[in-house]
Amino acid sequence: MTDKTMTPEEVVGQLSSGMTIGIGGWGSRRKPMALVRALLRSGITDLTVVSYGGPDVGLLAAAGRIRRLVAPFATLDSIALEPNFRAARESGSITLTEYDEAMFMWGLHAAANRLPFMPVRAGLGSDVMRVNPELRTVTSPYADGEEFVAVPALRLDAALVHLNRADRLGNAQYLGPDPYFDDLFCEAADAAYVSCEQLVETAELAKSGPPQSLLVSRHSVTGVVETPNGAHFTSCAPDYGRDEAFQKLYAATPWPEFAARFLAGGGEHDYQTAVRTWHEEQK
């Protein structure tokens, strides 16, 4: 068995400009934010980002790292529209490929199964086809002759996901209410990196939750990073909820000011310290 533990910096060292990177989680829930922050500290740019978008998209867009975004939405959940995503779209600094949520999921399924596309009913009769004129339809070869949207595979050069627990081999477990398709992101990628709240022995994973909570298998994982509070400021239930006060600060603060205070340090420890200091100031 192979010990796959890495640091955030070592993960980013495996990435390069121009890649297609999938980011797991959903909106402002269980995002691999420590890995996103490590990416921001690098010089990597010109990315295609594939995500159920949240502040991961907003941070990377504000920093000018995204060339193209593939997403069904970009939201902070309790704040409906991700503000830095909105600013990037309004300025035309990023290109958006917008899919229906189901189309997006089946694009990941196609990539995970190494298929060129998956036929789906989602999108038919909607403006998804109008805003994505490159999409094609296919006709069932059977007697029904039904027409489907042929959703292209969302193949990823790399995937970044965050789970509650993981072992050193790459098995990873979610303990919250939803898997958020993190397993599909890993299987759709050539390389997948899992950050987690806590590294545990493999036997402990079986004790922490039911078998279905063992979401990500080591066969699809390249590296594992222990990053306590690594999803901040998104939620990582049941370990912690969303930091709503900090999220409001993020949404209301001009990007240069926010980046200078919270993202200019040399590592994740500096970020977490800056956040604690800000919270102390609010008391």
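Using DSSP to define loop residues, name the GluC sites (Glu not before Pro) in segment 196-239 whose beta-carbon has at most 15 other beta-carbon atoms within 10 Å. If you can, show how the numbers build up before the last one.
Values: sites: GLU197, GLU201, GLU204, GLU226; in loops: GLU201.
Loop-located and lightly packed - GLU201.
Under a 10 Å cutoff between Cα atoms, tell me which one of GLY13, GLY223, GLY125 has the largest fluctuation in the Gaussian network model of the chain.
Top of the fluctuation ranking is GLY125.
Which residue, LEU69, LEU124, SER140, has the largest displacement toward the positive end of the dipole of segment 1-152 when charges sit on each Cβ (Lys, Arg +1; Asp, Glu -1)?
The residue sitting most towards the positive pole is LEU69.
Please identify every one of the chymotrypsin sites (Phe, Trp or Tyr not before Pro) in segment 97-172 that sits in a loop by DSSP and has no more than 15 other beta carbons within 10 Å of its own beta carbon.
Passing sites in segment 97-172 are TYR142.
When only Cα pairs under 8 Å and 6 or more residues apart are kept, what is the percent relative contact order across segment 94-185? Provide the component values of the computation, followed by the final result.
Working: 117 pairs, mean separation 26.7, N = 92.
It comes to 29 percent, rounded to a whole number.
Looking at the chain, what % of the alpha carbon pairs are farther apart than 33 Å?
Within the chain, distances greater than 33 Å cover 21 percent of Cα pairs.
Taking the Cα centre of segment 67-220 as origin, sum charge times position over the Cβ atoms of Lys and Arg (+1) and Asp and Glu (-1), and report the length of that vector in debye to the nearest 20.
Result for segment 67-220 is approximately 320 debye, rounded to the nearest 20.
Average the reciprocal distances over every distinct pair of alpha-carbons in segment 1-155, invert the result, and give the Kirkwood radius in Å.
Details: mean 1/r = 0.0599 Å⁻¹.
Evaluated over segment 1-155, this radius sits at 16.7 Å.
Report the calculated FRET efficiency for GLU90 and ASP3 (r = Cβ-Cβ distance, R0 = 51 Å), to the nearest 0.05.
0.65
Would you kindly calculate the mean projected area, averaged across all directions, of the convex hull enclosing the Cα atoms of segment 162-283, in square nanometres?
8.7 nm²
Straight distance only, please: which lysines reach the Cα of LYS248 with their own Cα at less than 30 Å, same-chain residues fewer than 8 apart left out?
Partners within reach: LYS31, LYS283.
Just to confirm my numbers, what's the Cα centroid distance between segment 226-271 and segment 1-53 in Å?
15 Å
Modelling each spin label as a point 7 Å along the Cα-to-Cβ direction, I'd like the GLU98/GLU257 distance in nm, to one decimal.
2.9 nm
Run through every distinct alpha carbon pair of segment 53-119 and return the Kirkwood hydrodynamic radius in angstroms, one decimal place. Write down the numbers at each step before the final one.
Numbers: mean 1/r = 0.0789 Å⁻¹.
That comes to 12.7 Å for segment 53-119.
Could you please state how large a percent of the accessible area of segment 174-283 is carbon and sulfur, counting protein chains only and using a 1.4 Å probe?
In segment 174-283, the share of accessible area belonging to carbon and sulfur is 53 percent.
The values are calculated or read from the model by the stated rules, or taken from the named source; none is laboratory data. All values derive from a computational prediction rather than experimental measurement. Quick reminder, even Gly has a Cβ in these numbers, built from the backbone with ideal geometry, and neighbours come from all protein chains shown. In case anyone asks, the SASA skips ligands and DNA or RNA and just uses the protein heavy atoms, side chains included. Shrake-Rupley method; radii C 1.70, N 1.55, O 1.52, S 1.80 Å.
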